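Participant: Sharing a structure, written as structure tokens. Questions coming.
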Amino acid sequence: GEGCVYPVEAFTLGDQLEVGGFTWRAYMEGMVDPTTGEPANCVYPGADEEEAPATGGYSAQLNPFTHFHSLLDLGACRTNDVPITELKKDLKSEAKTPSFSYISPDLCSAGVTGQCPEGAPDGAAAADAWLAEVVPEILESPAYRKDGLLIVSFGGVNPPVAPVEGETAPAPPANPLKTGAVLVSKFITKGSTDAAPYTPYSLLRMNEELFVLGQLAKANEAKVKTPAPALLGESA
């Protein structure tokens, strides 16, 4: 959260996909050149710059591909990290749809409270409205209908409360809320649920397993489980 960028030696899912012969793209809502206001690829603050995103707009904090020198320095971010306006065009044909797509809303559409224009849906309602627009485009695309998997993941809950000056910071909740994900595919049993405890590394490992890639960082730990075996028709 302090603008750090991983060194070039740090491998990413994007790097893995390219080595494996797959294509990938990240689609970012509201990503524009800060000087021109026009849609632009791979937008992130410079090393000595502090990002000040417009209220409800794009933020590099929601764009993980801008935090790795392996993608920034070698050009993959500039090529594959694009404004969300490219998504509709890429979904029109199976050939243009990447093997792996990462889609991120802006701060308003992500459901961050207080980030939407006055009078407009805010918080979870804003996220719902965004999903209602984007999800049908994906589900109706040729590539998804052939063999696609849509994963809708949700951000953190129970954000830390800033302490008031002179007062002790409130203790974290005894029973912290947990967030989940929605998976949509013809390979998933309709209406099925999975209450197993997963972490963000589970999502990374799941994609690596589906593309038959190795595991990065903590995704390689034995305790990190994923639903991938079931989707692949294998026993867990």
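Participant: Going through the range 107-155 one residue at a time, which ones are open to solvent by 60 Å² or more (accessible area, probe 1.4 Å) and small (Gly, Ala, Ser)?
Facilitator: Scanning the range 107-155 gives Gly119, Ala124, Ala132, Ser153.
So that you can scan it fast, the table gives a plain yes or no per residue for (1) at pLDDT 90 or above; (2) part of a strand (DSSP E or B); (3) over 20 Å from Ser59 (Cα atoms):
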| residue | (1), (2), (3) |
| --- | --- |
| Asp106 | yes, no, no |
| Val112 | no, no, no |
| Cys116 | yes, no, no |
| Ala126 | yes, no, no |
| Ile138 | yes, no, yes |
| Ile151 | yes, yes, yes |
| Gly156 | no, no, no |
| Ala169 | no, no, yes |
| Asn175 | no, no, yes |
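Participant: Also, quick follow-up: Just the residues that are part of a loop (DSSP other than H, G, I, E, B), touching a Lys or Arg at 6+ places or on another chain (Cβ under 8 Å) and hydroxyl-bearing (Ser, Thr, Tyr), please, taken from the range 200-236.
Facilitator: Thr226
Participant: Report, by residue number, each residue of the range 184-198 that is open to solvent by less than 90 Å² (accessible area, probe 1.4 Å) and in contact with a helix residue (DSSP H, G or I) (Cβ under 8 Å, 6 or more places away or on another chain).
Facilitator: Of everything in the range 184-198, those that are open to solvent by less than 90 Å² (accessible area, probe 1.4 Å) and in contact with a helix residue (DSSP H, G or I) (Cβ under 8 Å, 6 or more places away or on another chain) turn out to be Val184, Ser185, Ile188.
Participant: Before we move on, is Lys88 among the charged types (D, E, K, R), open to solvent by 30 Å² or more (accessible area, probe 1.4 Å), assigned to a loop (DSSP other than H, G, I, E, B) and modelled with pLDDT of 90 or more?
Facilitator: Spelling it out, it is not the case that Lys88 is among the charged types (D, E, K, R), open to solvent by 30 Å² or more (accessible area, probe 1.4 Å), assigned to a loop (DSSP other than H, G, I, E, B) and modelled with pLDDT of 90 or more.
Participant: Which residues, taken from the range 9-21, are under 18 Å from the mean Cα position of the chain (by Cα) and not charged (D, E, K, R)?
Facilitator: Within the range 9-21, Phe11, Thr12, Leu13, Gly14, Gln16, Leu17 meet the criteria.
Participant: I'm checking my understanding of the structure. Among residues of the range 10-33 that are without any contact (Cβ under 8 Å) to a residue 60 or more places away in the chain and open to solvent by 30 Å² or more (accessible area, probe 1.4 Å), which one is farthest from Phe100 (Cα to Cα)? Quick ask: steps written out before the conclusion?
Facilitator: Filtering the range 10-33 down to residues without any contact (Cβ under 8 Å) to a residue 60 or more places away in the chain leaves 18-19, 21, 31-33.
Checking the rest, the ones that are also open to solvent by 30 Å² or more (accessible area, probe 1.4 Å) come to 18-19, 21, 32-33.
Numbers: Glu18: 10, Val19: 13, Gly21: 12, Val32: 22, Asp33: 25 Å.
Among those that are without any contact (Cβ under 8 Å) to a residue 60 or more places away in the chain and open to solvent by 30 Å² or more (accessible area, probe 1.4 Å), it is Asp33.
Participant: Give the residue, chosen from Tyr58, Tyr27, that is touching a Leu at 6+ places or on another chain (Cβ under 6 Å), under 30 Å from Gly119 (Cβ atoms) and not hydrophobic (A, V, I, L, M, F, W, C). Explain how you work it out, then say what you get.
Facilitator: Values: Tyr58 fails: touching a Leu at 6+ places or on another chain (Cβ under 6 Å).
None of the others qualify; the one that does is Tyr27.
Participant: Which one is most open to solvent (accessible area, probe 1.4 Å) among residues in the range 45-67 that are assigned to a loop (DSSP other than H, G, I, E, B) and in contact (Cβ under 8 Å) with a residue 60 or more places away in the chain?
Facilitator: Only one residue fits best here, namely Thr55.
The values are calculated or read from the model by the stated rules, or taken from the named source; none is laboratory data. Here the structure is a predicted model, which means the values were calculated and not measured. In this analysis, Cβ positions are derived from the backbone assuming ideal geometry, glycine residues included, and neighbour counts consider all displayed protein chains. Side chains are part of the model used for accessible areas, which takes the heavy atoms of the whole protein and leaves out ligands, DNA and RNA. Shrake-Rupley method; radii C 1.70, N 1.55, O 1.52, S 1.80 Å.
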